[in-house]
Amino acid sequence: MRVFIAGIDGYLGWPLAQHLAARGHETAGADALLRRAWISEMGSVSAVPIAATGERIDAYREHFGAALPFAEVNLRDHDALCRALSAFAPDAVVHLAECPSAPYSMMDYRHAEFVQSNNVSGTLSLLFAMRDHCPEAHLVKLGSMGEYGTPDVDIPEGFFEVEFRGRRDRLPFPRQAGSWYHWSKVFDSENVAFACRIWGLRATDVMQGVVYGSWCPDGDPRLNSRLDFDEVFGTAVHRFCCQAVIGRSITPYGSGAQRRGVLSLADALQCLTLALENPPGGGEYRVFNQLRDVRSLAELAELVRSAACSLGIEARVVPVANPRAEAEGHHYRPDSNELPKLGFRPSAPMGEELRRLIRDLLPHAGRIAAHADRLPPTVRWQPGPPTHPPHPTGKGSHHDQDTAAGPADGGRGPGRPARTA
Ligand code: USQ
């Protein structure tokens with residue numbers, strides 16, 4: 001199968017390209033390298049060092065014996081995207097090319113506006129490009145479990161049967177997102193469903209939980225995937241592991257009673273591959289809830305503590321005030337039946353994955369420690385005094401920079417940082 005990965009340079013995209021190549025699929029990709037720029041804007045680095053794009057492409061050719069057609073393209077550059085898609089003629093397109101951070105979207109108006117326009121416009125551009133250049137291809141779109149929020153009822157996979165005034169219908173389950181970022185995913189879901197309905201595109205909308213895990217194949221660091229830990233782009237489990245390896249306290253927010261769906265990177269790759277290898281019919285829009293376990297943040301913190309302890313690292317769990325406005329101690333029981341029906345079998349248990357992750361981080365403890373000031377949360381969900389992280393280059397806060405973001409400036413975002421690896 002020919003798979004085009006939009007967002008191939010990211011945390012999921014780069015391992016996915018390798019995983020698919022190992023299964024005999026042909027891959028190509030596009031990426032505007034924005035994630036590298038955003039991390040630079042945050043004054044942080046990937047805990048695991050990553051190679052420049054050209055080195056990654058060389059490594060891919062050497063390891064998998066195939067070329068990796070790559071376009072440095074922002075999805076909002078519609079003409080360039082159309083050229084890349086029509087040149088590769090994919091059977092499937094995986095869309096990972098979005099700004100994935102809830103805190104980034106909550107920093108201020110400029111960041112909220114950037115995340116929503118980047119994500120929603122990029123997806124719209126991709127939908128039109130697929131309609132015009134590969135209408136039979138299957139779109140696998142990365143959505144988020146956070147689209148549903150935390151309703152006080154069970155969460156079905158996308159749709160539910162509802163009876164109202166004596167009539168029944170199968171309708172989209174209500175979305176109650178908890179950040180401007182998560183709302184951008186909701187808007188994407190509506191647009192993807194609409195494109196399937198009117199143009200007959202086929203799509204899988206993946207409601208993915210929080211993914212954790214390192215990707216450091218033995219022997220060639222050019223194949224490594226990034227792993228962020230700063231307060232804005234680091235997700236909870238990654239931050240906890242990085243805190244443990246540098247001897248900092250592990251910091252669940254608030255009571256830690258908030259519950260989330262989680263899955264390992266290996267499981268995420270397995271699930272995306274199952275979706276790709278089992279496409280829906282023309283015109284079908286289907287939704288998969290992609291998660292393995294539901295855990296509270298307090299449980300996740302304890303699992304990281306105990307995995308660190310088993311490797312001889314003493315770590316403490318010390319909750320901090322929750323910077324977010326989110327429910328704690330809520331009901332949370334999402335369905336996840338579609339992927340197991342296609343054959344999803346979880347890989348290693350969470351404790352084992354966490355130990356591997358911590359072991360992969362240990363050689364980079366100095367690098368993490370050098371950016372430890374990027375760990376404490378400063379971005380708050382509720383209005384208050386400015387909470388922006390200081391700009392590392394001393395160029396000033398986000399308020400005093402030219403904030404016009406869009407394809408004209410490379411679509412990098414409000415901070416407009418230099419691009420770095
Ligand atoms: N949290 C902590 N301590 C931390 C960081 C986060 O307790 O140091 C808590 C948050 O308050 C929240 C939970 O952990 O309750 C998850 O936060 P997160 O930063 O790990 O993940 P989130 O903001 O939800 O976003 C991440 C990805 C996003 C994806 C989403 C899936 O960044 O792209 O859509 O996970 S889900 O969480 O299911 O919405």
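Below are the figures for this structure:
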quantity	calculated
Using a Förster distance of 41 Å, the FRET efficiency for D79-T378 (Cβ separation, nearest 0.05)	0.55
Kirkwood hydrodynamic radius (C-alpha pairs) into Stokes-Einstein, the chain, 37 °C and 0.692 mPa s, D in µm²/s	151
Ranked packing of 55-63, 131-139, most packed first, by mean Cβ within 10 Å	131-139, 55-63
Theoretical gain in end-to-end length, A257 to N278 [0.36 nm per residue, Cα-Cα removed]	3.9 nm
Heavy-atom accessible surface of the stretch 287-339: percent carbon and sulfur, 1.4 Å	44
Euclidean distance of C-alpha centroids, the stretch 43-110 and the stretch 337-358, integer Å	25
Cα-based shape type of the stretch 184-278, given that a ≥ b ≥ c are square roots of the gyration tensor eigenvalues and the cut on a/c is 1.5	oblate
The stretch 1-145 - accessible surface per residue (Å², probe 1.4 Å)	31
Helical segments meeting 24 Å axial Cα length and Kyte-Doolittle -1.0 threshold in the chain (DSSP H)	109-133, 180-199
F194-A67 pseudo-label distance in nm [points 7 Å out on the Cα-to-Cβ vector]	3.8
Top of L303, L339, L171 by mean-square fluctuation, Gaussian network on the chain, Cα under 10 Å	L171
Chain lengthening between D169 and L362 when straightened (0.36 nm per residue, less Cα-Cα)	64.2 nm
A87-D152 pseudo-label distance in nm [points 7 Å out on the Cα-to-Cβ vector]	5.5
The stretch 378-384 - phi-based ³J(HN,Hα) in whole Hz, Karplus 6.51/-1.76/1.60, Gly and Pro as x	10, 7, 10, 6, 9, x, x
Accessible carbon and sulfur surface of the stretch 102-216 relative to its total accessible area, %, 1.4 Å	54
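The values are calculated or read from the model by the stated rules, or taken from the named source; none is laboratory data. Being a predicted model, the structure only gives us computed values, none of them experimental. Because the Cβ atoms are built from the backbone with ideal geometry, glycine has one as well, and the counts that use them run over all protein chains shown. The accessibility values were calculated without ligands, DNA or RNA, using every heavy atom of the protein model including side chains. Shrake-Rupley method; radii C 1.70, N 1.55, O 1.52, S 1.80 Å.
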